[in-house]
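The structure under discussion appears below in the form of C-alpha cells.
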Amino acid sequence: MFGVCYYPEHWPESQWDEDAKMMADLGLTYVRIGEFAWSRLEPNPGEYDFAWLDKSVATLASVGLKVVMGTPTATPPKWLSDLYPEILPVDPDTGRTRGFGSRRHYDFSSPIYLRESLRITEALARRYGSNNAVVGWQTDNELCCHDTALSGSELAGQAFQDWCRRRYVNIDQLNRDWGNVFWSMEYRDFTEIELPIGAVTETSPAHRLAYRRFSSDQVINYHNPMVEMIRQHAPGKFITHNFIPMNETAVDNFALAAPLDFTSYDNYPLGRTDLLMTDAPAEELRRYMRTGHPDFATYYHDQTRGLLNRGFWVMEQQPGPVNWANNNPRPAPGMIRFWTLEAFAHGADCVCYFRWRQAPFAQEQMHAGLLRPDNSKSEAWPEAEQAMAEVALLDIENQPLQKASVAIITGAEGLWVSDIERQGEAYDFNNVQLSYYSTLRELGVNIDFISVDADFSGYKLIVAPSLPIVDQAFVDKCRACNGQFIFGPRAGAKTSEFAYPTSLPPGLLQQLIPIRVLSVETLRADCQEPLNWNSHIYKSGIWREQLDASGSNDNEIIASYENGEAAIVRNQRFTYMATLTNRAFLLDFFQQHCQQADIQTYRFDEDIRISQRGNLMFAFNYSQHQQVLPLDPNVSFVLGSITIDPHGVTVWKI
Ligand code: GAL
C-alpha cells in the first residue's frame, strides 16, 4: 500500500542497486518511474533507447518492487517542438506561444502531437506491456496543470469551429442559442467563428461556455486514445492518472476518469494551503501553515475518489517543504504520518511519496524527498516508517469503503458558469463548494462527491452548492429518490446554452420547489447583512436573491433576510438557499438537517476531523494542543487514545 516516485535517469547507474535495496527495506511496494523521460527514451527522432529503462525496471524488480510506468507525454523533447512548432500551445490571455524549457508545452488540438504521443506510448507499451515487473501505468502527468487546458492557437480555433458545427449543426441555431443578435454578433458561417479571446470587452457567455466545453473535450479526446493504446499492449495491467482538481483545471474530470481503472491525486497540503489562503489574515494562515488546512487534503481525496466512486491512490505525497507555493514551510513534526493515515481513512489504496531523493539540480532542487541529495534520510523517512507500521496494524487494506450518507454534487459546468459570469467579484465556485464541504466535515460526516449522472439512491442528504445548469433527467432523478436535497444559490439559474430561464431561475427546479428568483444582488465580501433563522441572527452576503415563494402552499420560508423577505425556502424534501451565508450558519443548519435525516454527527473541536473507513473511526487533531476527545472512554481504541496529541491521530473500532 506504499510507494515512491523515482527518477533513475537523474542518478548514476551505480546508485540504482542501493536505491532499490533501500526502497525494499523501507517496506515500499510500488515505484513510479518514467513520466518525464522522453528525451532519454528517444534521444533522436525515431531512435529509441530502452536499455537504461530495462535495466532500471530489472533492478527494481530484483528486490521485489513493482513498477508503475509513466508515459512521458507531459514533456515533449526539444527536437520534437523544433520539428513541429505547431505542437506548442498559445496562451489565450496574452496570445504568446508557450515555448520549450519547462513542461506541458503542448496543444491538445495538435493532431501531430496526438500522433507523436501515441507513437511514444505505443513504443513503451509494447516494450513493457507484458513485463511482469510493470504492474500498472500512469498516463501523462497532471493533465492541464499550469493552466494548460485552454489554448488560443490557430489549431484550437479550427478545431473549435468543427466542434461548433457538430454541436449546433446549422449556424442559425448557434446564433439563436448564443443570443448573437445582441451587439451584432451574428455569424453567417461556422468558418467565421473565432475563439472568445482578444476581444475589446466581455465576449458572449454562451460563446465562452462553448469554448470551455470544447477545451475539456479536447483534453479527453487526447487522453482516451492513450489509454486504449496501453490497454491493447498491456492487458490486465491497471491504468491510472494523477489528477489535478477540477476547480483548478476546469476540465470535466468525471469524463476524463471514465476509461481508467482508478484515479490518483498528488497531495501537497502545505503548498495548497499557502495558495488557497493567500488572502487570509496572518493569524489564520499561521495556524495551518505547517499542517495544512484541516479540509484541503480530504476535500481533494474525496473528490478524487468520487470520480470513479472507488478507492484511489495518492500518487505523490508531500514529504517536506516543496518549491512551488508562494511560501514553503516545513511540515510540523508528525504531519507526513498524519497525512498518510488521513489519505487511507478517506479511501486511498496506496500512498506514494514524492520523491525518493531530492534532486540537487534544476527546477525542484528545493523540493524535499525521502532522502536528501547526500543520501541521508530526511525527516519524512521515520514518519513514513511509522505510517507503514500503523497501516499494517490497522489492517486498513481490509476495511471496505462504505457509501457516505451525505453527497455533494459537483461538476465542471458550475465552475465554468461562475467563472464566466462574475456578477460579483466575491462569488467563487470553489469557495462556495469548499465552505459547504468544510462545515459538513467539521460535523464529522463522511462525504461522497458525485456528478449529476450518479446514482442518488441511498444518500440521506444531497447538497448542490453551485449547480446552475440542470436538465429534466436530473429533476426526475431527484424526484425518484428519497433523500433530502439542499440547493445553493444559482441552482438551475441557466439553460444549457447560458441563457436565463424564461420562467426565471431556478428554471427546471421549479418542478421541485415552485419559487421564482425575482432579482439578484451581489455584495462585497466584507459587507454582510443579517440572516434570520431559528430565532438567531446569522449572516447573508456575497450573493443574494430576492424570491417569490408564493408558488405553492407547501413552500415554507425557513430563513429570511433583514427585511423579512424569504432567504431559504423548503418544499418537503427540497430546500433552496437564495443566499450565501457564514460558517456559523452552515454548521447549525447542516447539523439540524443531519439530525432530521438521521445522520450521525460529531461536533468536536473545530480543528478535529472525524473520518470513517469500514468499521474504523479516525480522529485527526489539526490543532496545536492536546485534547481529550468527547468519546465514551470504553470505545475500543486501536491507535492512540482518548487523549489526542497535537497533530495526533486516534483510531477506534465501531
Ligand atoms: C507535482 C508534479 C510533480 C512535481 C511535484 C512537486 O504537481 O506532478 O512532477 O513537480 O508537483 O511538488
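The values are calculated or read from the model by the stated rules, or taken from the named source; none is laboratory data. Just so it is clear, the model here is predicted, and its values are computed rather than measured. No Cβ is skipped: glycine too gets one built from the backbone with ideal geometry, and neighbour counts run over all protein chains shown. What goes into the accessible areas is simple: the full protein's heavy atoms, side chains included, and nothing from ligands, DNA or RNA. Shrake-Rupley method; radii C 1.70, N 1.55, O 1.52, S 1.80 Å.
Per-residue ellipticity at 222 nm, computed for the chain from helices alone with -39500 (n - 2.57) per DSSP H run of at least four residues, works out to -10000 deg cm²/dmol. Using θ = phi - 60° in the Karplus curve 6.51 cos²θ - 1.76 cosθ + 1.60, the 3J(HN,Hα) couplings for the stretch 629-640 round to 6, x, 10, 4, x, 8, 5, 8, 6, 10, 8, x Hz; x is entered for Gly and Pro. Placing unit charges on the Cβ atoms of the charged side chains and taking the dipole of the chain about its Cα centre, the candidate lying farthest along the positive direction among 108, 311, 394 is 394. Put simply, the amide H of residue 42, placed in the peptide plane, has neighbours under 5 Å in 49, leaving out anything fewer than 5 places away on its chain. The calculated FRET efficiency for the pair residue 130 and residue 261, based on their C-beta separation and a Förster distance of 25 Å, comes to about 0.90.
Summarising the amide proton neighbourhood of residue 317: residues at separation of 5 or more, or on other chains, whose placed amide H is nearer than 5 Å comprise 267, 352, 353, 354.
Largest to smallest in accessible area, the residues 126, 570, 441 fall in the order 126, 570, 441 (1.4 Å probe, all protein chains included). Looking only at the stretch 468-486, which residues have a backbone nitrogen under 20 Å from a spot 7 Å from the Cα of residue 167 in the C-beta direction? Counting backbone N atoms under 20 Å from the label point, the list is 468-474. Candidate cross-link partners of residue 66 among the lysines, defined by an alpha-carbon separation under 19 Å and a same-chain spacing of 8 or more, comprise 21, 55, 237.
Rounded to 0.05, the FRET efficiency of the residue 526 and residue 25 pair, given R0 = 41 Å and the Cβ-Cβ distance, is 0.15. Annotation: Cα Rg of the stretch 406-596 relative to the compact-globule expectation 2.2 N^0.38 Å equals 0.93. Under a 5 Å amide H cut-off, with hydrogens placed 1.01 Å from N, residue 74 pairs with 141 among residues at least 5 apart or on other chains. Full extension of the segment from residue 582 to residue 146, taken as 0.36 nm per residue of separation minus the current Cα-Cα distance, would add 153.8 nm. Measuring spread by the Cα atoms of the chain yields a radius of gyration and Dmax of 25.6, 79 Å.
Rounded to the nearest Hz, the phi-derived 3J(HN,Hα) couplings of the stretch 547-560 under the Karplus curve 6.51 cos²θ - 1.76 cosθ + 1.60 (θ = phi - 60°) are 10, 9, 9, 8, x, 8, 5, 7, 6, 10, 7, 9, 8, 9, where x marks glycine and proline.
Mean silhouette area of the stretch 608-653, derived from the convex hull of its C-alpha atoms and averaged over all directions, reads 2.7 nm².
Packing here is the average count of other Cβ atoms within 10 Å per residue, and on that basis the peptides 381-389, 8-16, highest first, run 381-389, 8-16. Packing, taken as the mean count of other beta carbons within 10 Å per residue, orders the peptides 506-517, 602-613 from highest to lowest as 506-517, 602-613.
Here the Karplus relation 6.51 cos²θ - 1.76 cosθ + 1.60, evaluated at θ = phi - 60°, turns the backbone of the stretch 363-376 into coupling constants of 4, 9, 5, 8, 8, 5, x, 5, 10, 7, x, 8, 6, 6 Hz, with x for every Gly and Pro. Between residue 628 and residue 603, the simple spin-label model (points 7 angstrom out along Cα→Cβ) gives 2.1 nm. A 1.4 Å probe run over the protein chains yields, for the stretch 276-360, 31 Å² of accessible area per residue, whole-number rounding. By a 1.4 Å probe calculation restricted to protein chains, residue 391 has an accessible surface near 10 Å², given to the nearest 10.
Between residue 536 and residue 565, the contour length at 0.36 nm per residue exceeds the alpha carbon distance by 8.9 nm. Partner aspartates and glutamates whose Cα lies under 20 Å from the Cα of residue 477, excluding those fewer than 8 positions away in the same chain, are identified as 413, 448, 453, 455. Taking square-rooted eigenvalues a ≥ b ≥ c of the alpha carbon gyration tensor, is the stretch 340-440 rounded, prolate or oblate, where a/c under 1.5 means rounded and, failing that, a/b exceeding b/c means prolate? Taking the square roots of the gyration eigenvalues as a ≥ b ≥ c, the stretch 340-440 is oblate. Taking every C-alpha pair closer than 8 Å and separated by at least 6 residues, the mean separation divided by the residue count of the chain gives a relative contact order of 10 percent.
The calculated FRET efficiency for residue 14 paired with residue 654, based on their beta-carbon distance and R0 = 30 Å, is about 0.05.
With all protein chains in place and a 1.4 Å probe, the accessible surface of the chain carries 48 percent carbon and sulfur.
So which helices of the chain fit the span-like rule, where a helix is a whole DSSP H run, its Cα atoms reach 30 Å or more along the axis, and its mean Kyte-Doolittle is at least -1.0? The answer, listed by residue number, is 205-233.
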